[in-house]
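Just below is one structure, and these are the notes that go with it.
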Amino acid sequence: MAGLRKTFLGRLVNRSELSRWRSRARRVAEAPLSELRGQRTQARELRAQLDQLIHVADSRLGLPAIGSTAFPVPHGTDWSWRPQAWRGPLARPGLTAVASGEQLGEELTLFHDCKTSELTLRQLRNLRASDLAPYALRMDVFGFDGSFLSLVVNLPEAGLKGLTRNHLIRLDPMVQVEKPLEIFARLNIKHGPNTEQLVRELPLHESEHMVEFDLAYSNINEKRIERAWVDLIFESPQMNEVTLRDLTFSRRPRAAL
């Protein structure tokens, strides 16, 4: 009740203030100069605060909403997911001199075999009008004396429930690179003592970087699926900056032939 009363009183005050300035604006041509100087000073001070409020509000309201899971999916999709690093702020937003096996959040792990790590990973806020994900992930690679570099994304249990060889798993990354490089996506599905692997190259030269994994070409034991993860493998990544503006997954049954 107290909250409702406070809101009601606030609205009354706002209406009264707006009515007062409307009245001053109507009478500005006839107002005494001594009175007009004070009103002009007050109006300028008020305008500065209003301009600041509008500027910040426009900026915040124009950004993708934190926690957003909205993104387009194909018809018939029965599961979709955007990892936390692209969905909301992480408790630890960045890593420097990243050691192999070091995690960023609960779902991402970076692996490499460098003797000296000159790698950084950091989360940043997406600001572009075209962005759907609230956050992005940026990886800077300076010197690189290793033979492999991969970012592992662990898929949640929800994506494995009811998973069969009749499914297509789709990966939609939005990638920006400082200079050209090859990126491969490898889907790993552990079933019993075995792990099935399907590899696709991201088509970075195309407008859409989407890849699909057709499980009909796999030998997974549907009754023994334990876990799944995707490796993003970066070839010759030295002296490059890779920004993953978004990363989403979806799953749908294959069309009946």
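Just so it is clear, none of the values below were taken in a lab; they were calculated from the coordinates. Every value quoted in this text rests on a predicted model; they were computed, and no experiment measured them. Every residue, glycine as well, gets a Cβ built from its backbone with ideal geometry; the counts of neighbours run over all protein chains shown.
In what order do Ser80, Ser23 fall by count of nearby beta-carbon atoms within 10 Å, going from fewest to most? Working shown, then result.
Numbers: Ser80 20, Ser23 10.
Ascending Cβ contact count within 10 Å gives the list Ser23, Ser80.
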| message | Straight-line reach from Lys190: which aspartates and glutamates fall under 20 Å, measuring Cα to Cα and dropping same-chain residues less than 8 apart? | response | Glu106, Glu107, Glu157, Glu212, Asp214, Glu222, Glu226, Asp231
| remark: Gyration tensor on Cα atoms of segment 87-130, a ≥ b ≥ c root eigenvalues, a/c under 1.5 rounded, else prolate if a/b beats b/c, else oblate, says prolate
| request: Give, in whole angstrom and from largest to smallest, the semi-axes √(5λ) of the equivalent ellipsoid of segment 109-154, with λ running over the eigenvalues of the Cα gyration tensor. | output: 26, 12, 7
| message | Taking the beta-carbon count within 10 Å as an exposure proxy, list Glu106, Glu30, Glu196 from fewest neighbours to most. | response | Glu30, Glu106, Glu196
| Ranking of Val199, Val73, Val230 by count of other Cβ atoms within 10 Å, fewest first | Val199, Val73, Val230
| remark: Amide H contacts under 5 Å for His191, restricted to residues at least 5 apart in sequence or on another chain and with H modeled in the peptide plane, are Glu196, Glu226
| request: For Lys179, list the aspartates and glutamates whose Cα falls under 20 Å from its own Cα; do not include residues on the same chain fewer than 8 positions away. | output: Glu118, Asp140, Asp145, Glu201, Glu206, Glu208, Glu235, Glu241, Asp246
| query | What are the extents of the Cα atoms of segment 148-257 along their three principal axes, listed from largest to smallest and rounded to whole Å? | reply | 44, 32, 22
| field | (i) 18.4; (ii) 19.2; (iii) 22.2, with the label sought being that of the calculated Kirkwood radius over Cα pairs in Å | value | (iii)
| message | For the chain, set up a GNM with springs between Cα atoms under 10 Å and report which of Trp86, Trp229, Trp21 has the largest fluctuation. | response | Trp21
| field | Residue among Asp78, Asp214, Asp51 with the largest mean-square fluctuation in a Gaussian network model of the chain, springs linking Cα atoms under 10 Å | value | Asp51
